[in-house]
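Undergrad: After the structure tokens below, expect a handful of questions from me.
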Amino acid sequence: MKRAISRRPLAFLLVACSTGCAPDSPIERPAPLFNEAPIDYPLDLWDQNIEGQTLLRVRVTDTGSVDSVVVIESSGHRAFDSAAIAGARDLRFRPASRNGKRVEVWARVPVHFSKHPPPDSAFSF
């Protein structure tokens, strides 16, 4: 059973440039398309008042979908990490671009699981 959790907009997304990112051809970073993210707070951790953060690396395709998700830093709770991975697969973005053309990029997405309202600059679930 999942509990509906208030969600905040994605405030920041850091693109991890791989090879080919040169200063003369900057990449315009991908941007989230929706104000809510499809990541559910695990009910058992919610009931235990456990909070945490999982840092993900997601590959945003040239169409704005996510086709790969990797945990960079674990929250220390398998349920948080699994929920972050599952939800990140459903995120949608305005694709990144270089020289006016859409490109595929890797982006870092921090997922905060907190029962308290986050500051306006945080992405929480």
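The values are calculated or read from the model by the stated rules, or taken from the named source; none is laboratory data. Given the structure is predicted, the values throughout are model-derived calculations rather than measurements. Note: ideal-geometry Cβ built from the backbone for every residue, glycine included; neighbour counts use all protein chains shown. Protein only, heavy atoms only, side chains kept; ligands, DNA and RNA dropped before computing areas. Shrake-Rupley method; radii C 1.70, N 1.55, O 1.52, S 1.80 Å.
Undergrad: Mind listing whichever residues of the range 63-85 are open to solvent by 60 Å² or more (accessible area, probe 1.4 Å) and outside any loop (DSSP other than H, G, I, E, B)?
TA: The answer is Asp67, Val70, Ile72, Glu73, Arg78, Ser82.
Undergrad: If a residue must be out of contact with any strand residue (DSSP E or B) (no Cβ under 8 Å at 6 or more places or on another chain) and either part of a strand (DSSP E or B) or aromatic (Phe, Trp, Tyr) (or both), how many such residues does the range 86-112 contain?
TA: Within the range 86-112, residues that are out of contact with any strand residue (DSSP E or B) (no Cβ under 8 Å at 6 or more places or on another chain) and either part of a strand (DSSP E or B) or aromatic (Phe, Trp, Tyr) (or both) number 1.
Undergrad: Can I ask one more? When the range 9-51 is examined, which residues are found to be part of a loop (DSSP other than H, G, I, E, B), surrounded by fewer than 12 Cβ atoms within 10 Å (Cβ to Cβ) and modelled with pLDDT of 90 or more?
TA: Hits for the range 9-51 are Gln48, Asn49.
Undergrad: Okay, next question. Can you find a residue in the range 83-92 that is under 11 Å from Ile39 (Cα atoms) and of a type in the set (Val, Ile, Thr)?
TA: yes
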